[in-house]
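Below: the structure, in structure tokens.
Coordinate-derived values only; no laboratory data. Nothing here was measured: the structure is a model prediction, and the numbers come from that model. Glycine gets a Cβ as well: all are built from the backbone with ideal geometry, and neighbour counts include every protein chain shown.
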Amino acid sequence: MKRFSNSRRANLLKVLSALALPVFVAGAAAAAAPSIDEKELLALGFKILVAQTKVQEDWVKTFTPGQIRAMQRTGKKYFIYPDAARKQIYVGGPEQYAAYQQLHPDNKLAGQEAAEKGRAYRSKQDEVMKKATVRDLSDPYYGVDWSDLGW
């Protein structure tokens, strides 16, 4: 009986490890961020800002490495690329980012894909709500109870 139990555990372990291997490989492939050349950013007009305080260093570390992120400050739009190892960021405006996009049209802003998925979901929900509203408005007695009529 004990031998049967050990062989089942061994087989289960083999199956689980065989299933886990592709998950780890896929995760490693997805985690590899596309590399952005800092020299190219400088050539396009991005400026370097070096973190001078501990708060600024911590702020630089909060950004997703390997991705350009859009920010807005005092009504102006900026595009930031973090370099946490050197405790600095590359900052450019819309013109510099447009030049970068012309060279690399496949690279997207950090979070842009998630925002696009969110817009698609909201659009779908908006369509459902419009249909429900039309249905509700077409039925004059929908949601009305006898108590609403005063009887």
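Protection proxy ranking, highest mean first, for peptides 119-125, 64-70: 64-70, 119-125, where packing is the per-residue count of other beta-carbon atoms within 10 Å, averaged. Could you sort out which of Lys39/Lys77; Lys76/Lys117; Lys47/Lys124; Lys54/Lys117 sit more than 29 Å apart by Cα distance in this structure? Lys47/Lys124; Lys54/Lys117, as the Cα separations exceed 29 Å there. Exposure proxy ranking for Ile36, Ile89, based on other Cβ atoms within 10 angstrom of each Cβ and starting from the fewest, stands as Ile36, Ile89. With r defined as the distance between the Cβ atoms of Lys39 and Met71 and R0 fixed at 25 Å, what FRET efficiency is calculated, to the nearest 0.05? Efficiency, from the Cβ-Cβ distance: 0.65.
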